[in-house]
Structure formats: C-alpha cells, structure tokens
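Student: One structure, pasted below without further comment.
Here, each number is a calculation from the coordinates, and none is a lab measurement. As the structure is a computational prediction, the values presented were derived from the model and not from experiment. Here the Cβ is made from the backbone with ideal geometry for all residues, glycine too, and neighbour counts use every protein chain on show.
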Amino acid sequence: MSSKEVPKTHPRYLSLMMREKIVAGVEKGITSPHGLIAHGRGEAFNYLIGEQTREFAIEAIGVAAAKLLLAKYPVISVNGNSAALVADEIIELSEILNAKIEINIFHTSGFREERIAEHLHESGAREVLLPEQDVVLSGIDSNRRFINSNGIEKADLVFVPLEDGDRCQALVQSGREVITVDLNPVSRTAVTSTVTIVDDLARAMKRLIENISELKSKGPDELKAYVNGFDNEQVLYKAKKFIAETFSGLN
Ligand code: PTJ
C-alpha cells in the first residue's frame with residue numbers, strides 16, 4: 001500500500017504514514033536499511049504509550065525548548081532516520097534558533113551523507129554541515145566521531161534525535177549538553193542525555209517548535225526558571241511507570 005492509498009480514517013494513519021516515509025528514505029538512499037529496524041523498535045514503544053505525547057514528554061519538551069533558547073551555540077545533528085521523517089521540522093527548528101544543521105550518521109556511508117545533504121537542501125535548508133575527517137570527538141570509535149569544526153565542535157548543546165548511546169556518552173563527557181528524542185526510556189541514550197523526550201520524533205518536533213515560538217520573547221532569567229529543578233531521571237521513571245502500567249492493564 002502506498003502513502004496515497006492509506007485512508008485518512010485508518011486508526012493508525014499517522015503511524016502508517018511514518019512507515020511510508022522511512023521506506024521512502026531507504027529507497028532514496030537517505031536512510032540505512034538498519035534504520036527500518038530502529039524504526040520498528042520505536043513503533044513498539046510508541047504503541048505502548050498509546051501513540052500520544054504523554055505528560056513526561058510534555059515536561060521534557062518544555063525544558064528542551066528553554067535550553068535550546070539559552071544555548072550559545074546549539075547544533076542539530078541529523079541521521080538517516082530523522083532526515084527521512086522530519087526534514088521540514090529540522091529546517092524550521094534551525095531557522096527559529098539560528099542553529100547549524102550537521103549530518104552525523106552511525107552506519108558509515110559517504111554516499112548517504114551526500115544524499116541526506118541533498119534532501120535537506122531540496123527541502124529548503126540553506127546550509128548543511130558534513131563531518132570532517134580531521135575533526136574528531138574523543139571517547140568514541142564509530143563513524144560518529146567525525147564532526148564539523150563549525151558545527152558540533154563549537155556546540156555547547158547538541159540536539160540528537162534517535163541517537164546511539166556511545167556518541168551521546170562522548171558528547172556529555174566532553175561537557176556539552178545533549179537533548180534527545182527516544183521512544184525507549186531505558187536506552188543508553190535516554191539514560192545518558194541531559195534531557196530525554198520520550199515521544200515519537202514527528203510529534204515531539206511539532207510541539208518543540210511550538211514551545212520555542214511561545215518562549216522566544218522571554219529573557220534568560222525566565223527561561224532558566226523553566227530549566228531549574230528539571231530531573232531527567234524522574235522523567236524517565238514516569239515513562240517507565242506509564243509503560244509498565246500499560247502492560248499491567250492499568251492505563
Ligand atoms: O543513519 P544512521 O546510520 O546514523 O542510523 C540511524 C539509526 C537510528 C539506525 C542508528 O542511530 C541506530 O541504530 O539507532 P538505535 O541504536 O537503534 O537507536 C534508535 C532509538 O530510537 C531506539 O531506542 C528506538 O526506540 C528509537 N526510535 C526509533 N524510531 C523513533 C525512535 N524514537 C523516537 N521517534 C521515532 N520515530
């Protein structure tokens with residue numbers, strides 16, 4: 001069934017549309033075939049939270065919005081899944097924050113990096129940074145260690161949706177703050193990040209952009225008030241509790 005054939009009345013219309021986007025991403029050479037597996041894992045968790053943005057995510061999105069506005073040099077890191085699913089939202093986010101977009105993929109492929117850059121440019125991005133072979137993030141061995149000297153290297157905060165745990169750990173150890181979106185509240189990325197949004201990427205991006213637009217006129221003191229007292233462990237606890245209650249039939 002193609003995206004045109006998915007009836008809008010289908011109870012899981014949005015989920016099916018996301019599937020179509022990720023398959024199209026693989027066909028276009030943007031998304032790695034491994035990305036299909038990662039997406040399936042995400043879908044399973046999405047199902048367990050009833051495919052809705054829950055209170056624990058709403059709280060984290062509010063804090064993420066304030067942190068992104070407070071950051072001196074925020075950078076948006078893009079991989080094959082996020083490029084296929086939310087290219088327009090990534091560009092909108094970079095514009096309202098005046099933040100760089102940088103491609104950083106786990107499964108090494110120069111071809112795919114080029115395809116992702118092309119896709120983002122076609123979607124309206126003015127500038128897309130690519131990893132540089134002579135600029136390296138220490139504490140990590142995968143392809144993700146290569147970063148851009150005008151992007152992640154300069155960043156004090158990196159937004160890294162659908163991340164792998166190793167790089168998240170390396171970024172945090174380097175003193176940078178990390179905001180992630182990960183439907184799995186027990187993943188290493190979720191546990192290591194400064195702020196974890198346990199929600200579907202497409203839903204979370206929409207709300208994050210809305211929250212940033214609402215908070216944009218606030219000064220640093222007001223923004224800090226949103227951030228103060230935030231406890232990422234508590235947010236993850238609430239997400240795990242919600243999922244456990246779904247399993248036990250309490251939700
Ligand atoms: O393009 P590349 O080479 O960088 O590869 C990208 C993937 C995502 C394949 C790579 O980073 C990877 O293997 O990631 P993991 O380790 O499978 O982690 C992906 C996490 O994202 C998992 O915890 C999933 O539950 C979660 N996830 C998947 N789809 C979504 C999601 N979280 C939020 N929204 C989604 N749509």
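Student: Assuming a ≥ b ≥ c are the square roots of the Cα gyration tensor eigenvalues, decide whether the chain counts as rounded (a/c under 1.5), prolate (otherwise, with a/b larger than b/c) or oblate.
Tutor: rounded
Student: OK, next. Set the Förster radius R0 to 30 Å, insert the Cβ-Cβ distance between LYS224 and ARG54 as r into 1/(1 + (r/R0)^6), and round the FRET efficiency to 0.05.
Tutor: Step by step, r from the Cβ atoms, then E = 0.75.
Student: For VAL178, enumerate residues with amide H under 5 Å from its amide H, sequence gap 5+ or separate chain, H modeled in the peptide plane.
Tutor: For VAL178, the qualifying residues are VAL158, THR194, VAL195.
Student: Neighbour counts of other C-beta atoms within 10 Å: give me PHE230, PHE106 arranged from fewest to most.
Tutor: PHE230, PHE106
Student: Taking the Cβ of each residue in THR9, THR196 as the centre, tally the other Cβ atoms inside 10 Å and list the residues starting with the fewest.
Tutor: Ordered by Cβ neighbours within 10 Å, fewest first: THR9, THR196.
Student: Shifting gears a bit: Need one word for segment 146-251: rounded, prolate or oblate. Basis is the Cα gyration tensor (sqrt eigenvalues a ≥ b ≥ c); a/c below 1.5 gives rounded, then a/b vs b/c decides.
Tutor: Oblate, because a/c is 1.5 or more while a/b does not exceed b/c.
Student: ³J(HN,Hα) across segment 140-151 via Karplus (A = 6.51, B = -1.76, C = 1.60, θ = phi - 60°), whole Hz, x for Gly/Pro?
Tutor: In residue order, the calculated couplings are 8, 9, 6, 3, 6, 6, 7, 10, 9, 5, 9, x Hz.
Student: Additional query: Excluding residues fewer than 8 places away in the same chain, name every one of the lysines whose C-alpha is closer than 26 Å to that of LYS224.
Tutor: Excluding near neighbours in sequence, the set is LYS67, LYS72, LYS100, LYS154, LYS206, LYS216, LYS238.
Student: Summing Lys, Arg as +1 and Asp, Glu as -1, what charge do residues with Cβ under 12 Å from the Cβ of THR246 carry, THR246 excluded?
Tutor: Every neighbour counted, the sum reads +1.
Student: Something else about it: Summing Lys, Arg as +1 and Asp, Glu as -1, what charge do residues with Cβ under 10 Å from the Cβ of VAL195 carry, VAL195 excluded?
Tutor: Values: positive: LYS67; negative: GLU59, GLU177.
Net charge in that neighbourhood comes out at -1.
Student: Tell me the net charge near ASP164. Cut-off is 9 Å between Cβ atoms, ASP164 excluded, with +1 for each Lys or Arg and -1 for each Asp or Glu.
Tutor: +1
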